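Working notes, structure below.
The values are calculated or read from the model by the stated rules, or taken from the named source; none is laboratory data. In this text, all values refer to a predicted model and were calculated from it rather than measured experimentally. All Cβ positions, glycine included, derive from the backbone under ideal geometry; neighbour counts span all protein chains shown. In case anyone asks, the SASA skips ligands and DNA or RNA and just uses the protein heavy atoms, side chains included. Shrake-Rupley method; radii C 1.70, N 1.55, O 1.52, S 1.80 Å.
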Amino acid sequence: MALAETAGRALGHGWHETRFWRHLALKSGSLQPCFRKASTTSQAGTGATSGAPITKEAFLERCTLEHVPMRGFSSEALEATAEQLGLSLAWLAWVRRGPVELVEWWREHELRTTRTLLIEQDNWQLVDLAVQTTARQRPDQSDPVVWTRARLLAFMQTAFRLREPYRRLWPQALALQLQPNHTTRGLKLLTKTADEIAWFAGDRSTDMAWYQRRVAIAPLLQMSELYWIATLRDAPSRDEDQSDEMNSFHDAETWRFVERVLDDNSLVMRLWWPNRSHSSREPSEWLAMAQIMGESFAAWARAWTRGFL
Amino acid sequence: MIRVDHAGEIGARRIYAGQLRVLEGTPAATVIQHMAEQEEQHAAVFERLVVQYRVRPTALLPLWNLAGYMLGAGTALLGREAAMACTVAVEEVIAQHYDDQLRELIAMEKREPTPEGHPAAGAPSQSPESHLRQYIRQFRDDELEHKDTGLAHGAELAPAYRLLSLVIQTGCRAAIFLSERI
């Protein structure tokens, strides 16, 4: 900007104020866009120890991990985080769409963590033992249907169990994502998750089967989520084995539900392997699927009326 | 990029299949067979790349399958020269498209040179862009060779050569445009 100003003064016009010079200064980096400047000022104000301005990612992370469990996915959580970091409440305008960004951050974080745990670190602690033994084998060592089902279950179990601390708040999170403004992003995340799960479960197709398989997984994910919220119990049910530590998650019903949906002859499995011959019972298949969806919605509605939301 | 190339090679395979179906047994069939085999190789490479880079295949694949076959069979029905003209037109568009992609890949590589040991690279010292570039360069040369073969076998003698060529080229460009997005 100094050069521009000197030139301007020399030329005797307001050249340094014309769009041309400002554009040039912006390109050369001497003129910073406003928000970047302001954020460094605020960081100086808080005396943040890291020395780097806090990114939006880090803000959302801290909020979701520390404040949401107490205050829910709400603006109270956002305000508490701002207070903790010493930022003024005006900074909440940064989180433009409000608490739904916390939900979205969490979903992406969950996907990344599940991927890291299962693929990079080979850490299967969150998966049921029976499922683990099948899923950890190589694809050619067991029946492909059984192996795929095990892999799908393993991924879903890890993801859902990571989410466990938020189970009581999840209806609120879903309600936020279902608002019309936010549904498109939610759908994008859903398709991204379905893509990851399909890849993990061994999908390497390069034709229409690619789409069929992801279309099969996405509703499965949605329904299981609803079932998972709806089967939250305050006290463990009688038929659960107390000694098994996995049951501290209280989600055995959800996995029974998923296994039922992934039953050998179900629509989901038939979409996954379009070329396998099954006895075709087309209309009743769709009815069974509709019945399962109806069941999960009914369970969710019951939970809603019981006052979870 | 890989998505549209994958779709293109599969479409080309179907065009030759259509042409062979109609022109079976004629002397032109050997020439087309040879070109079809090269396209098979190209298609196989792209299938591998689609899996390696986890690319979403184009949703219009069934459409291109059908359209390619119809185009091949249709031009072959108009005669041997028309089939050659179809080949020339398609190969011309594809060669231009590959050239554009090569330029884009070079630009991408200049902007952000990939660090060594990138997980998607073929060899440790190769970036994915240069890896892809090698394939595309080779395929472009193959396609130009097909175009020359087509011209040598009398493509320009086809009925309404200019019109046929124009229509086919426009169709190919539209297909490329769509497959890049859908």
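General observations
- Verdict on A:ARG260 being assigned to a helix (DSSP H, G or I), away from chain B (no Cβ under 14 Å) and at pLDDT below 90: yes
- Meets criteria (at pLDDT 90 or above, under 14 Å from the mean Cα position of the chain (by Cα) and not charged (D, E, K, R)) for A:PHE200: no
- Test: residue in the stretch A:125-132 that is closer than 17 Å to A:ALA159 by Cβ, of a type in the set (A, V, I, L, M) and either part of a helix (DSSP H, G or I) or open to solvent by 40 Å² or more (accessible area, probe 1.4 Å) (or both): yes
- For the stretch A:67-122, the set of residues classified as under 23 Å from A:ALA201 (Cβ atoms), polar (S, T, N, Q) and either assigned by TED's automatic domain parsing to the domain that holds A:LYS56 or under 16 Å from the mean Cα position of the chain (by Cα) (or both) consists of A:THR113, A:THR114, A:THR116, listed by residue number.
- Just one of the listed residues (A:ARG213, A:ARG167) is assigned to a helix (DSSP H, G or I), of a type in the set (Lys, Arg) and away from chain B (no Cβ under 14 Å), namely A:ARG167.
- Hey, A:ALA218 part of a helix (DSSP H, G or I), small (Gly, Ala, Ser), at pLDDT 85 or above and under 27 Å from A:ARG136 (Cβ atoms) or not: yes
- Number of the condition not met by A:ASP203 [criteria: (1) open to solvent by 60 Å² or more (accessible area, probe 1.4 Å); (2) within 14 Å of chain B (Cβ to nearest Cβ); (3) not in a helix (DSSP H, G or I)]: (1)
- Any hit, the stretch A:199-206, residues being assigned by TED's automatic domain parsing to the domain that holds A:ARG167 and at positive phi: yes
- Residues being open to solvent by 20 Å² or more (accessible area, probe 1.4 Å) and among the hydrophobic types (A, V, I, L, M, F, W, C) - total across the stretch B:28-51: 4
- Boolean, A:VAL145 is outside any helix (DSSP H, G or I) and open to solvent by less than 30 Å² (accessible area, probe 1.4 Å): no
- Residue within the stretch B:71-79 that is more than 14 Å from every other protein chain (Cβ to nearest Cβ), touching a residue at least 60 places away in the same chain (Cβ under 8 Å), open to solvent by 50 Å² or more (accessible area, probe 1.4 Å) and of a type in the set (A, V, I, L, M) present: yes
- Odd one out for A:ASP241 among (1) at pLDDT 85 or above; (2) touching a helix residue (DSSP H, G or I) at 6+ places or on another chain (Cβ under 9 Å); (3) surrounded by fewer than 16 Cβ atoms within 10 Å (Cβ to Cβ): (1)
- Taking the stretch A:1-120 as the region of interest, the helices (runs of 4 or more DSSP H) fully inside it that hold 3 or more residues being surrounded by fewer than 17 Cβ atoms within 10 Å (Cβ to Cβ), at pLDDT below 85 and of a type outside the set (Gly, Ala, Ser) are A:2-11, A:19-28, A:34-46.
- Test: residue in the stretch B:54-66 that is open to solvent by 10 Å² or more (accessible area, probe 1.4 Å), within 11 Å of chain A (Cβ to nearest Cβ), on the phi > 0 side of the Ramachandran plot and not in a helix (DSSP H, G or I): yes
- Residue within the stretch B:24-40 that is over 18 Å from the mean Cα position of the chain (by Cα) and among the hydroxyl-bearing types (Ser, Thr, Tyr) present: yes
- Single condition A:LEU189 does not satisfy, out of (1) in a helix (DSSP H, G or I); (2) within 14 Å of chain B (Cβ to nearest Cβ): (2)
- Within the option set B:VAL45, B:VAL93, being more than 13 Å from chain A (Cβ to nearest Cβ) and in a helix (DSSP H, G or I) holds for one residue only, B:VAL93.
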